[in-house]
Amino acid sequence: MAAPRDAVVQYPGGIRVRYRWAGSGQGDEVFALSEAGGPLLDLGTVAADAPDAVCRAELRVDTPAGPWTVRLASTIFDDPSALLWDEPGLLVVKYGFVTYGLGARSGDLRWSHRSRTPLVAVLGSPRLRNVIAQSEIETFALDAAGEVVWRLGHSDVVAAAELVGGRLVLTSYGGQVTALDPATGRPAAGLGTAGG
């Protein structure tokens, strides 16, 4: 078995996240180095009925208000990642098939959203009223309460997603590049059209 992987990301506002994750059945190895202090929330059952049998991740979050830790599960091996959504005060995390909206300073679960295919990215900007949860075949815009603002299906697997020049730019596995308005999901001028 491969050793657990680690990453540390510093976000604005003095929020620092230490990520640790591993493959199926390796929860004990992931949690062996858990730091003490602050609340610990295990959300493994959001993604799997038997979370310790699947892939696990732990996020240790240090904030000016104090530390907190959350444990997640995924039915596929995936690298967890997050963005800090300032205005609603959320740390939006993607791991496997689930996007989580967590209170950035408290760690409380505000909402979760499950997609039917693995998530590629979570994206946001202070200029948007929603965040984007990009899965392999669907794009979801989620508001601060975790409600779907708009949704768009794609005819090819999305391999990469990024916000560029006020547009959501998607690159498919087949090489097609599509530009969408991230506020509405409608095609944006300049790069192509949305898939069906």
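The values are calculated or read from the model by the stated rules, or taken from the named source; none is laboratory data. All values derive from a computational prediction rather than experimental measurement. Glycine gets a Cβ as well: all are built from the backbone with ideal geometry, and neighbour counts include every protein chain shown. Remember, those area values only see protein heavy atoms, side chains included, never the ligands or the DNA or RNA. Shrake-Rupley method; radii C 1.70, N 1.55, O 1.52, S 1.80 Å.
Quick look at the values:
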{"read-out": "Largest-first ordering by accessible area, 1.4 Å probe, given options Arg60, Arg16, Arg151", "value": "Arg151, Arg16, Arg60"}
{"read-out": "Cα extents of segment 43-135 along the three principal axes, largest first (Å)", "value": "36, 29, 19"}
{"read-out": "Max mean-square fluctuation residue, GNM over the chain, Cα-Cα springs under 10 Å, options Leu33, Leu109, Leu163", "value": "Leu33"}
{"read-out": "Cα centre as origin, Lys/Arg/Asp/Glu Cβ charges: the chain dipole, Debye", "value": "380 debye"}
{"read-out": "FRET efficiency, Arg127 to Ser155 (Cβ-Cβ, R0 35 Å, nearest 0.05)", "value": "0.75"}
{"read-out": "Highest to lowest packing among 133-141, 112-120, scored as the average C-beta count within 10 Å", "value": "133-141, 112-120"}
{"read-out": "Kirkwood hydrodynamic radius of the chain, Cα pairs, Å", "value": "17.1 Å"}
{"read-out": "In sequence order, calculated HN-Hα J values of segment 4-14 (Karplus, 6.51, -1.76, 1.60; Hz; x Gly/Pro)", "value": "x, 9, 9, 8, 10, 10, 9, 10, x, x, x"}
{"read-out": "Rounded Å value of the spacing that divides the Cα centres of segment 91-141 and segment 22-90", "value": "14 Å"}
{"read-out": "Leu109-Asp49 pseudo-label distance in nm [points 7 Å out on the Cα-to-Cβ vector]", "value": "1.7 nm"}
{"read-out": "Calculated from backbone phi, Karplus (6.51, -1.76, 1.60) coupling profile of segment 18-33 in Hz, x at Gly/Pro", "value": "9, 9, 9, 8, 7, x, 3, x, 9, x, 4, 5, 5, 8, 4, 9"}
{"read-out": "Fluctuation leader among Ala65, Ala179, Ala32 - the chain, Gaussian network, Cα springs under 10 angstrom", "value": "Ala32"}
{"read-out": "Choice from Gly165, Gly185, Gly38 with maximal GNM fluctuation in the chain (Cα, 10 Å cutoff)", "value": "Gly165"}
{"read-out": "Simple label model, 7 Å out from Cα along Cβ direction - Ile76 to Glu162, nm", "value": "2.2 nm"}
{"read-out": "Accessible area per residue in Å² at 1.4 Å probe, computed on the chain", "value": "46 Å²"}
{"read-out": "Helical mean residue ellipticity (222 nm; -39500 (n - 2.57) per DSSP H run of 4+; nearest 500) of the chain", "value": "-1000 deg cm²/dmol"}
{"read-out": "Solvent-accessible area, 1.4 Å probe, carbon plus sulfur percent, for the chain", "value": "52 percent"}
{"read-out": "Near-label residues of segment 85-114 by backbone N, under 13 Å of a point 7 Å along Cα→Cβ of Leu33", "value": "none"}
